[in-house]
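> Pasting a structure below so you can have a look.
The values are calculated or read from the model by the stated rules, or taken from the named source; none is laboratory data. Since we're looking at a predicted model, the values are computed, not measured. Positions of Cβ are backbone-derived with ideal geometry, glycine not excepted, and every protein chain shown enters the neighbour counts.
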Ligand SMILES: Cc1cc2nc3c(=O)[nH]c(=O)nc-3n(C[C@H](O)[C@H](O)[C@H](O)COP(=O)(O)OP(=O)(O)OC[C@H]3O[C@@H](n4cnc5c(N)ncnc54)[C@H](O)[C@@H]3O)c2cc1C
């Protein structure tokens, strides 16, 4: 927090930030060549968590204040891992369940896990971090529901251990910045080499080695009764990998159990699961549940999920993308028909093999280059041509075919099966 505050202060942005404010809608006003932005100042301090659509009746009575502002340029930084995935529609009983249900990204600190039966739904990075933390407390049981096992690599340990590193690394890097620079670029180089030698479809030889190493790690750390369930049946790298050792070690805890059955329904204080085979007679089991933690991810492919964007002729961006067959933007950052509007982390700009910050910073630099003539008053509007977007999208999808991402279902794909998340 101190770091963020210091950076914001250094660059004089504190007085330019409006907190507890949702952007509800942005609309291009053709005759003025400006965007009209509808802001909603929230009546409480819970920010995006209490998006107006999610508010309960009591909150709604505290009428949020709407404000319209005009802007020459709009840059969206709304993120893609922001709006949680919803409760699965085919699982009934949510209304009758008497326990707590919480999503990993909307943690309720009032929840006391002690002496409780807890069910965690999901097996990605969030679940891998939540489960060991829960087991450190006096919980009664933790049951994890896993649909697909992730590929798991050991977490890269800090040189000289976590505690010493946290204490001394900032000091060392401050006085010897070249060390920090070298370390960062070593990581970067390593991940880029992985991209070439593991994530390309043709790199099956090295990928096989990576798969063997990951399986060895899993078998070394995890309880043998779960080895089969934790063995992935899709290519390494296709889904986001999990870097972990402690989750796997937790599988030895007598209070932990891993289930691969489907969730059937909720009862007042339990969750019913059933075997997944279609031709098997439904084999149901009831698991006690006081708290259900959803570590089931985000509505990642719903770009700009939290606001409505209307471009030229009142065209809604989501409709525009539906007509085109899915979200697409030139260099992931600009859309035809939406002048002076830019996206950071737009379609096909996310990365799964290295830090997302790298791609965010590149996009920001790119946007700044494009808008500089507007800021200098040399140009009024800038907008990609339809042809440029179509060509760009074709290039991206062609390059995607050469990667490993087509070999499984993942949160990178939208409902049509298009990978609109990853930059290939
Ligand atoms: C559990 C988890 C682990 C992750 N781990 C990593 C990792 O190890 N490495 C990595 O590179 N990436 C990781 N990511 C990805 C992470 O999303 C990005 O690295 C980074 O946070 C993205 O930054 P952002 O600014 O694009 O979005 P965010 O950090 O998500 O910020 C978006 C902001 O926009 C606000 N917002 C949204 N809609 C509106 C609206 N309508 N009006 C006003 N404000 C709005 C939100 O409240 C939020 O503050 C992880 C994500 C998750 C969820």
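Let's see how each residue does on (1) assigned to a strand (DSSP E or B); (2) modelled with pLDDT of 90 or more; (3) surrounded by 12 or more Cβ atoms within 10 Å (Cβ to Cβ):
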| position | (1), (2), (3) |
| --- | --- |
| 5 | no, yes, no |
| 8 | no, yes, yes |
| 12 | no, yes, no |
| 28 | yes, yes, yes |
| 39 | yes, yes, yes |
| 53 | no, no, no |
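> Ok, one more. Inside region 392-424, can you point out the residues that are farther than 21 Å from residue 236 by Cβ and outside any helix (DSSP H, G or I)?
Of everything in region 392-424, those that are farther than 21 Å from residue 236 by Cβ and outside any helix (DSSP H, G or I) turn out to be 414, 415, 416, 418, 420.
> Starting from region 68-97, keep only residues that are more than 26 Å from residue 41 (Cβ to Cβ) and in contact (Cβ under 8 Å) with a residue 40 or more places away in the chain, then list their pairs with residues that are within 9 Å of the ligand (Cβ to nearest atom) and assigned to a strand (DSSP E or B) whose Cβ atoms are within a distance under 9 Å, requiring at least 6 positions of separation or different chains.
Pairs that qualify, where the first residue is more than 26 Å from residue 41 (Cβ to Cβ) and in contact (Cβ under 8 Å) with a residue 40 or more places away in the chain and the partner is within 9 Å of the ligand (Cβ to nearest atom) and assigned to a strand (DSSP E or B), are 85/298.
> Within region 65-80, restricting attention to residues that are surrounded by fewer than 16 Cβ atoms within 10 Å (Cβ to Cβ) and part of a loop (DSSP other than H, G, I, E, B), which residue is nearest to the ligand (Cβ to nearest atom)?
77
> Here's something else I'd like to know. Taking residue 307 and the conditions (1) within 16 Å of the ligand (Cβ to nearest atom); (2) surrounded by 21 or more Cβ atoms within 10 Å (Cβ to Cβ); (3) farther than 21 Å from residue 362 by Cβ, which numbered condition does it fall short on, given that it satisfies the others?
Of everything listed in (1) within 16 Å of the ligand (Cβ to nearest atom); (2) surrounded by 21 or more Cβ atoms within 10 Å (Cβ to Cβ); (3) farther than 21 Å from residue 362 by Cβ, residue 307 misses just condition (2).
> While we're here: Within region 340-368, how many residues turn out to be free of Cβ contacts under 8 Å to residues at least 40 places away in the same chain and more than 9 Å from the ligand (Cβ to nearest atom)?
7
> What about residue 93, is it away from the ligand (no atom under 16 Å from the Cβ) and on the phi > 0 side of the Ramachandran plot?
Judged against the criteria, residue 93 is a match.
> Among the candidates 330, 366, 412, single out the residue that is modelled with pLDDT under 95, at negative phi and within 24 Å of the chain's Cα centre (by Cα).
One residue alone meets the criteria, 412.
> Could I ask something else about it? Hey, can you tell me all the residues within region 374-391 that are within 20 Å of residue 320 (Cα to Cα) and outside any loop (DSSP other than H, G, I, E, B)?
386, 387, 388, 389, 390, 391
> The conditions are (1) free of Cβ contacts under 8 Å to residues at least 60 places away in the same chain; (2) within 15 Å of the ligand (Cβ to nearest atom), and residue 110 fails exactly one of them. Which is it?
(2)
> Could you list, in sequence order, all residues of region 141-158 that are part of a loop (DSSP other than H, G, I, E, B) and touching a residue at least 60 places away in the same chain (Cβ under 8 Å)?
Across region 141-158, the qualifying residues are 146, 147, 148, 149, 150, 151, 154, 155, 156.
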